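Okay, structure first, notes after.
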Amino acid sequence: YQGSHKKTAKVAVKSQSSTTSQPSTSATTTDPHAGWKVYSENNLNFKYPRDWSLEEQTVGPILRSADFASKGLQSITVTSGASIMVSQTSIPNSDITAENYQSSSLYGPPFFNLKTKTINGHKVVQFNISDDIIGTVFFRTNGTRIEVRSQYSKSNQESSLSTYNLLLGTVAVN
């Protein structure tokens, strides 16, 4: 009798561990101020876009976008682009704070949309002077203030306010 033999083969099975690399979840952040110029004069420090011009005035620097154009002498209307004026007080007055800043101007129309907010850990007051002029006042610990105003063409409002807010984030307060 020929017996039927079952031949059992031993098969060596290699255990494979599949390692797949996960994509990095950390997003690369780009510096929105990359390539910007630095202004640093008279204890006033901030950054501004490289393609903007800077003109020194007695009140402080005036910045103008590359596409800036205006008309009028007494009442200036910005027809394209934007301008930003940065000024500071030199006489301390610690009685004026963001909380009690007056809602009207001594030399012009009343402010509107007056609100306090925080920029880089500093309480500021922000307001509109007109539909195309915005102002922000920083209060220093020594009682002096920095005011940053922008006038822009209404057709370029969104872009101008974006640049204005980026610049505000670079103002060195103390």
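The values are calculated or read from the model by the stated rules, or taken from the named source; none is laboratory data. Everything quoted here is computed from the prediction, not taken from an experiment. So basically every Cβ, Gly included, is an ideal-geometry build from the backbone, and we count neighbours across all protein chains shown. Note: areas computed on protein heavy atoms with side chains; ligands, DNA, RNA excluded. Shrake-Rupley method; radii C 1.70, N 1.55, O 1.52, S 1.80 Å.
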*Which value, in Å², gives the accessible area per residue of region 33-167 when a 1.4 Å probe is used on the protein heavy atoms?*
57
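Could the peptides 77-84, 52-59 be put in order, highest first, of the mean number of other beta-carbon atoms found within 10 Å of their residues?
Details: 77-84: 19.2, 52-59: 11.2.
The densest-packed peptide leads the list: 77-84, 52-59.
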*Amide H to amide H under 5 Å from Phe111: which residues, 5+ apart in sequence or cross-chain, H placed 1.01 Å off N in plane?*
Ser104, Ser105
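Which whole-number percent of Cα pairs in region 49-174 have a distance greater than 26 Å? Mind showing how you got there, number by number?
Values: 1477 of 7875 pairs.
Everything past 26 Å amounts to 19 percent.
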*Which translational diffusion coefficient, to the nearest whole µm²/s, is obtained for region 130-174 from the Stokes-Einstein equation, given a Kirkwood hydrodynamic radius over C-alpha pairs, 4 °C and 1.567 mPa s?*
113
*asked:* Can you order the peptides 115-124, 156-165 by their average number of other Cβ atoms within 10 Å per residue, highest first?
replied: 156-165, 115-124
